[in-house]
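Asker: Could you have a look at this structure, given as structure tokens, before my questions?
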Amino acid sequence: MSTDLIVVSGCEYANAGALLAEKNTNLLTTYAMYADAAPDVLKILSNHESSQVQQAVAQNPCTPTEVLDCLASNSWCEYLVAKNPNTAPQTLARLIMQPGTKYEACLNALSNPNTPFQVILRFLFSKANDSLVLAIEANPKYGDFNRMVTDFDERTLITRIENEQYSQKM
């Protein structure tokens, strides 16, 4: 655990232990939102009894991926974890595909750049509704989506798109 002097909202703490002994939820929330918060302290704060503190940890990009993975199972935090740029691809995939994930969390995970493209495709095949397909068809890049879905099975479509992405990089 960090042994450096910690200053939060004008208050000085000799070390992380002194900060963690603090009972002021607002102060702990403020620390959890700091861009330079220590990952080991964020890990401890992720288990705090206050959902406010846990949510602050969930949105901090310094939070370790394994902590975000644990927080993803918390319904109060899943939408923030899904938006966090440090969230691991497998955690985002789980949020997207597991039943019971809140709509906002699913949208955040779908827009997170760490979400694997294959997961987005699987989501479309398993959970797409008519309005989502219409929205994709309105996109000039994917306007041919409906024909692609009709003409190809899921694995063929994923392979085709991966090949197109590879050829565009060359």
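Each value in this text was obtained by applying a stated rule to the coordinates, not by laboratory testing. Quick caveat: nothing in here was measured; it's all calculated off a predicted structure. A quick note on method: Cβ atoms are made from the backbone with ideal geometry, for glycine too, and the neighbour counts reach across all protein chains shown.
Asker: If the only charges are +1 at each Lys and Arg Cβ and -1 at each Asp and Glu Cβ, what is the size of the charge dipole of the range 1-63 around the Cα centre, to the nearest 20 debye?
Answerer: For the range 1-63, the charge dipole is close to 140 debye.
Asker: With the Cα gyration tensor of the range 1-63 in hand, give its eigenvalues times 5 under a square root as the equivalent ellipsoid semi-axes, listed largest first in whole angstrom.
Answerer: Three semi-axes, in Å: 16, 12, 11.
Asker: What ranking do 55-62, 36-43 get when scored by the average of other Cβ atoms within 10 Å per residue, highest first? Before the final figure, lay out the partial values.
Answerer: Values: 55-62: 21.8, 36-43: 16.8.
In decreasing order of mean packing, 55-62, 36-43 become 55-62, 36-43.
Asker: Listing Thr25, Thr115 from the residue with the fewest other Cβ atoms within 10 Å to the one with the most, what is the order?
Answerer: Thr25, Thr115
Asker: Tell me, Phe117, Phe123 in order of fewest to most beta-carbon neighbours within 10 Å?
Answerer: Working: Phe117 11, Phe123 18.
With the sparsest Cβ surroundings first, the list reads Phe117, Phe123.
Asker: Right, next: Select from Tyr34, Val8, Asn60 the residue farthest towards the positive end of the dipole of the range 1-63; place +1 on Cβ of Lys and Arg, -1 on Cβ of Asp and Glu, and compute about the Cα centre.
Answerer: Working it through, the farthest residue towards the positive pole turns out to be Asn60.
Asker: Calculate, in nm to one decimal, what Tyr34 and Ser51 gain on full extension: separation in residues at 0.36 nm each, minus their alpha carbon distance.
Answerer: Length difference between fully extended and current span is 4.4 nm.
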